[in-house]
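Each remark here refers to the structure printed beneath this line.
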Amino acid sequence: MNLKSSLRRTAVLTAGALIGLSGAFALTGPASAHHSTVSGSAECDVKTGEWVYALKPEREEFPLSFRVTDNGTMLRGLTAAIEAICKNPADKTQKTTIESTSTVKAAPIAPNGTVVAHFTTTGATPSTVTLTGNFFKGRFSGLLTSNFLTNCNGFREFEAVPAPKGSGK
């Protein structure tokens, strides 16, 4: 074994390691510690007044309407027919389809246009009603669900638009 070549090999490896580490340190900078702040607001310009079912032919067959009040911050008086399926408590395989009406008296509209309402009605037929939806680009997309008599469940998905002027809805 040649001592001269061993030292040369070690010197070359050490120099290569030092050059590589120097380059790595030169390219890296100190850690940057700062706060990123994201700001902005979600504003939804909801038109006040009467709103109706978006598809004109179905407005008469499946009426649905409501009002937007309080400068676009409240949805009021939504009434809609819902098709519900009721299961026979004695025979779970037997089902009956009925039409019921669900009403949302009032629901707040969030600044981003979202509407969420969940409540239980009282009366001859207590029911649990949920409305979820969103106002977006001059339309309201919603889902209205209802549960009553402990064995009847129904829902209705819909699109609504501001009522045409002079239409009476």
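A few notes on this one:
- Qualifying position, being of a type in the set (G, A, S) and under 21 Å from the mean Cα position of the chain (by Cα), among A90, A107: A107
- Qualifying residue in the stretch 49-68 (condition: at pLDDT 90 or above and part of a loop (DSSP other than H, G, I, E, B)): no
- Within the stretch 151-169, the only residue that satisfies the criterion of being without any contact (Cβ under 8 Å) to a residue 60 or more places away in the chain and within 22 Å of T97 (Cβ to Cβ) is E157.
- Filtered residues of the stretch 72-86 (kept if within 19 Å of E60 (Cβ to Cβ) and in contact (Cβ under 8 Å) with a residue 60 or more places away in the chain): L78, A80, A81, I82, E83
- Contacts under 8 angstrom Cβ, first residue in the stretch 87-98 being under 17 Å from G154 (Cβ atoms) and in contact (Cβ under 8 Å) with a residue 12 or more places away in the chain, partner of a type in the set (D, E) and outside any loop (DSSP other than H, G, I, E, B), 6 or more apart: T97/E83; I98/E83
The values are calculated or read from the model by the stated rules, or taken from the named source; none is laboratory data. All figures in this text were calculated on a predicted structure; none of them were measured in a lab. Here Cβ is always computed from backbone atoms with ideal geometry, including for glycine, and neighbour counts include all displayed protein chains.
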